[in-house]
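Just below is one structure, and these are the notes that go with it.
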Amino acid sequence: MSDFILDIRDLRLAFKVYEGMTEVLHGISLNIRRGEKVALVGESGSGKSVTARIILGLLHELKTARISGRVLFNGDDLETQPISVRHGLRGTAISMIFQDPTSSLNPVYSIGVQFEDVLRRGDRRISSKSAQDRAVSLLRDVAIPDPERVLVSYPFQLSGGMNQRVMIAMALANEPSLLIADEPGTALDVTVQAQTLNLMRDLVERKATSVLFISHNLGVVREFADRVYVIYKGRLVEHGATEELFHRPRHPYTRALMDAVPRITGGGIPEISESDAGFADPMIDHEVIS
Amino acid sequence: MNDVACEFRPVLEVRKVSKVFSTGSHEINALESVSLSVARGECLAVVGESGSGKTTFANMLLGVYAPSAGEMYLDGHPLPARRTLNLRRAIQLVQQNPLSSLNPRRTVGASLKLALDVHRIGDRAGRRGRIAALLDEVGLPTDFAQRFPAALSGGQRQRVAIARAIACEPEVLVLDEPTSALDVLVQARVLKLLDDLRQRRNLTYVFITHDLGVVRNIADRVAVFERGQLVEQAPTAKLFEQPANAYTRSLIGAIPVITDEEEALRRKVLEENDSG
């Protein structure tokens, strides 16, 4: 068995446009070990969300997308396998949490009905009664005080923080080996965001779930991830252990990004030069001894 | 900046303002007896989570709806529920998402011209020059006047929204999460622009945001709202170093930070909550 639960090699993505092809990912290589929490951090349009979507095979049905490179999940190259295989992995071996919990839950079904669907993907013969029992215990794991009431509620009857917990519980229900979290909690208030992140971290650590954590928020990344990749305009520019990267950022882009975050200890509005000189410099990898 | 000396003559004063919304069967107290004043040239940050009443507060300053109780004054004159053109001119708004606050079918120039026309600023011939000067003031090339919002980046659009807000020479700008939708590098540049404009034009800001990192570096004073109540107000540095209210402390404690120095401050604040 491979060391890595996920190993992406030289991933490229291009979209067909009127004038020809536009490449948006220029050869991304990243990996995640078993039980490891890895962050992909970058600004909007940098390519972080499309990377996540490719892993799940969500872009392959798009006629205008051209994808090349290898996506190894558990040692198997997903790119060479039929889309049905990827379909089978979704919600079972790989699951995903999106930014806005309230819009990713279906408003016309109760949480209980949606939860049963999720559990049935993992076990086709599960009875309604045992699905209900399991949902209750999973909701209890995410610190929902009154799971029975939540199961008969609709998403719009619950707060954003509550829905986010429901999403986390659903995403972890079938004990996936990889969880992809795309900007989780960005739509939530800071105190709620902090609580749900702590909760999610405790759960994935307890179950040894690997996580690909996608975010634009450096503070959240520092809090959550073991290792960080920084992405800029479809290229990885820096990679290292979280501690190391935050204490000693070396790439001009990573440094600019960190300088731009206003500090709660003061120091004034960050001075950002208009130039992006050096942002396209080659990638700096802290784990490769140069 | 935080240490700008401003004489404390309130340009804006709010006395015991409440707002109750009725939804048929029950009533919601969106704001309960809030009193605040803002000095000329000051930047007052209004922070709080969703449902805290900060947007209700902004909407009342702007005259979108009238308070259920209490009074508001601009330069010592009462702010009535129905605003005259001149009072509407005096308090302007910059919203979070410029893509929805700018009319997509109007060019940048046309949007700015409308603001000048409505408030009868300058004469017909002078307006073109004014539009160019406004774009220049917010750091955009003057030929952007011909562009539509869709052809601009998020940061550029927000600069246009700021130019439109200052076009009619207001005294107070209400900034409702003006940089929350922007990437961090763009955010820093837009914050710098806002800070420069305030000093150059002696503007007064009511800066509504949930981002305490931004607040720490742009505001002179901070008002913390929780469930419709003003729970704490203090000069910025003091609020971060000695937050008096438990809710303020939990807000500061929840910020994801990136340096060890900030982490230490956060821990210190949280410990006070645990011991208190």
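Every read-out reported here was derived from the displayed coordinates using simple, explicitly stated rules and does not represent laboratory data. It should be emphasised that the depicted structure is a prediction, and the values quoted were computed from it without experimental measurement. All Cβ positions, glycine included, derive from the backbone under ideal geometry; neighbour counts span all protein chains shown.
Not counting the cut sites, what is the longest span of chain A without trypsin sites (Lys or Arg not before Pro) that DSSP labels loop and that have at most 15 other Cβ atoms within 10 Å? Can you show the working numbers first?
Values: sites that count: A:Lys63, A:Arg124, A:Arg125, A:Arg250.
The reported range is A:126-249.
Once you mark the GluC sites (Glu not before Pro) that are in a DSSP loop and have at most 16 other Cβ atoms within 10 Å, what is the longest gap between them in chain A? Provide the component values of the computation, followed by the final result.
Values: sites that count: A:Glu19, A:Glu61, A:Glu271, A:Glu274, A:Glu287.
For GluC sites (Glu not before Pro) (loop position, at most 16 other Cβ atoms within 10 Å), the longest site-free span of chain A is A:62-270.
Could you give me the ³J(HN,Hα) list for region A:116-125, computed from phi with Karplus coefficients 6.51, -1.76, 1.60 and θ = phi - 60°, whole Hz, x at Gly and Pro?
For region A:116-125, the Karplus curve yields 4, 4, 4, 5, 5, 5, x, 9, 5, 9 Hz.
Check which residues have an amide H placed less than 5 Å from A:Ile231's amide H, if you skip close sequence neighbours.
A:Val41, A:Gly42, A:Val237
Quick check: the distance between the Cα centres of region A:226-290 and region A:73-148, to the nearest angstrom?
Result: 35 Å between the Cα centres.
List the longest stretch of chain A that has no exposed loop site; here a site is one of the chymotrypsin sites (Phe, Trp or Tyr not before Pro) assigned by DSSP to anything other than H, G, I, E or B, with at most 15 other Cβ within 10 Å.
Working: sites that count: A:Tyr18, A:Tyr109.
Between the exposed loop sites, the longest stretch runs A:110-290.
So what's the gap between the Cα centers of region B:201-261 and region B:124-138, to the nearest angstrom?
Each part's Cα centre sits 36 Å from the other's.
Please list the non-local residues whose amide H lies under 5 Å from the amide H of B:Leu93, H modeled 1.01 Å from N, same-chain partners needing a gap of 5 or more.
B:Val174
Label B:Asp117 and A:Lys129 with points 7 Å out from Cα along Cα→Cβ: what is the distance between them in nm?
7.2
Please find the FRET efficiency linking B:Ala110 to B:Tyr65, where r is the Cβ-Cβ separation and R0 is fixed at 35 Å, and quote it to the nearest 0.05. Don't skip to the answer; put the middle values down first.
Working: r = 29 Å, r/R0 = 0.82.
Efficiency for this residue pair is about 0.75.
Return the loop-located chymotrypsin sites (Phe, Trp or Tyr not before Pro) in region B:61-160 (DSSP other than H, G, I, E, B) with at most 16 other Cβ atoms within 10 Å of their own Cβ; answer none if there are none. Walk me through the numbers before you get to the answer.
Details: sites: B:Tyr65, B:Tyr73, B:Phe144; in loops: B:Tyr65.
For chymotrypsin sites (Phe, Trp or Tyr not before Pro) across region B:61-160 that sit outside H, G, I, E and B with at most 16 neighbouring Cβ atoms in 10 Å, the list reads B:Tyr65.
Report the relative contact order of region A:156-229, percent, no decimals, based on alpha-carbon pairs under 8 angstrom and at least 6 residues apart. Can you show the working numbers first?
On the way: 53 pairs, mean separation 26.0, N = 74.
RCO, region A:156-229: 35 percent.
At q = 0.05, 0.06, 0.08, 0.12 Å⁻¹, what log₁₀ I(q)/I(0) does a Debye calculation on the Cα points of the protein assembly as shown give, no solvent, two decimals?
Normalising to I(0) and taking log10 leaves -0.24, -0.34, -0.62, -1.30.
What list of whole percents do you get for P(r) of chain B, with Cα-Cα distances grouped in 5 Å bins up to the one holding the largest distance?
Pair shares across the bins are 1, 6, 12, 15, 18, 16, 14, 9, 6, 3, 1, 0, 0, 0.
Once phi is turned into ³J(HN,Hα) by the Karplus curve 6.51 cos²θ - 1.76 cosθ + 1.60 with θ = phi - 60°, what whole-Hz value does each residue of region A:198-205 show in order, with x for glycine and proline?
Computed from phi, the couplings for region A:198-205 are 4, 4, 5, 5, 4, 5, 5, 5 Hz.
Counting DSSP beta bridges in region A:91-249, what percent are antiparallel, to the nearest 5?
On the way: 6 of 15 bridges.
Once the DSSP bridges in region A:91-249 are tallied, antiparallel ones form about 40 percent.
Only four residue types carry charge here, +1 at the Cβ of Lys and Arg and -1 at the Cβ of Asp and Glu. Report the dipole size of chain A about the Cα centre in Debye, rounded to the nearest 20. Walk me through the numbers before you get to the answer.
Details: 33 positive and 37 negative charges, 161 e Å.
The dipole magnitude comes to about 780 debye.
Among A:Thr209, A:Thr191, rank each residue by its count of other Cβ atoms within 10 Å, from fewest to most, as a rough exposure measure.
Details: A:Thr209 22, A:Thr191 17.
Lowest count first: A:Thr191, A:Thr209.
Starting from 0.36 nm per residue, how many nanometres of slack lie between A:Glu175 and A:Asp3 once their C-alpha separation is accounted for? Write out the running numbers ahead of the final one.
Working: separation 172, 0.36 × 172 = 61.92 nm, distance 1.91 nm.
Here the segment from A:Glu175 to A:Asp3 would lengthen by 60.0 nm.
If each residue of separation counts as 0.36 nm, what is the full-extension length gain between B:Asp260 and B:Asp136 once their alpha-carbon separation is subtracted? All intermediate terms of the calculation are to be shown ahead of the outcome.
On the way: separation 124, 0.36 × 124 = 44.64 nm, distance 3.93 nm.
Full-extension gain reported as 40.7 nm.
Viscosity 1.567 mPa s, temperature 4 °C: Stokes-Einstein D of region B:112-265 from its Kirkwood Cα radius, in µm² per second? Write out the running numbers ahead of the final one.
On the way: Rh = 17.5 Å.
In µm²/s, the coefficient is 74.
Any chance you could list the semi-axes, whole Å, largest first, of the equivalent ellipsoid that the Cα gyration tensor gives for chain A, using √(5λ)?
On the way: eigenvalues 215, 115, 62 Å².
Taking √(5λ) for each eigenvalue gives 33, 24, 18 Å, largest first.
So what is the relative contact order for chain B, in percent, with contacts set as C-alpha pairs under 8 Å and at least six apart? Show your work: numbers first, answer last.
Values: 490 pairs, mean separation 67.9, N = 276.
Over chain B, the number comes to 25 percent.
So if we plug the beta-carbon distance of B:Arg200 and A:Phe156 into 1/(1 + (r/R0)^6) with R0 = 41 Å, what FRET efficiency do we get, rounded to 0.05?
Details: r = 46 Å, r/R0 = 1.12.
Approximately 0.35, to the nearest 0.05.
Taking θ as phi - 60°, what are the ³J(HN,Hα) couplings along region A:74-82 by the Karplus curve (6.51, -1.76, 1.60), each to the nearest whole Hz, with x for Gly and Pro?
6, x, 9, 7, 5, 5, 8, 9, x
Any idea what diffusion coefficient region B:1-131 gets from Stokes-Einstein, in µm²/s, Kirkwood Rh on alpha carbon pairs, 37 °C, 0.692 mPa s?
Values: Rh = 17.2 Å.
Result for D is 190 µm²/s.
Report, in listed order, any pair from B:Lys16/B:Lys54; A:Lys37/A:Lys207; A:Lys48/A:Lys233; B:Lys238/B:Lys268; A:Lys63/A:Lys233 with a Cα-Cα distance greater than 21 Å. Could you put the intermediate results ahead of the total?
Values: B:Lys16/B:Lys54 15 Å; A:Lys37/A:Lys207 12 Å; A:Lys48/A:Lys233 9 Å; B:Lys238/B:Lys268 14 Å; A:Lys63/A:Lys233 23 Å.
Check vs 21 Å cut-off fails for A:Lys63/A:Lys233.
Evaluate the relative contact order of chain A (contact order divided by residue number), counting alpha-carbon pairs under 8 angstrom at least 6 apart; express in whole percent.
Relative contact order comes out at 23 percent.
Helix A:128-141 versus the longest principal axis of chain A: what angle, 0 to 90°, nearest 10, using Cα atoms?
Tilt of helix A:128-141: around 50 degrees.
A:Arg120 to A:Ala241: FRET efficiency via 1/(1 + (r/R0)^6), r the Cβ-Cβ distance, R0 45 Å, to the nearest 0.05? List each step's numbers first, then the result.
Values: r = 39 Å, r/R0 = 0.87.
Result of the calculation: an efficiency of 0.70.
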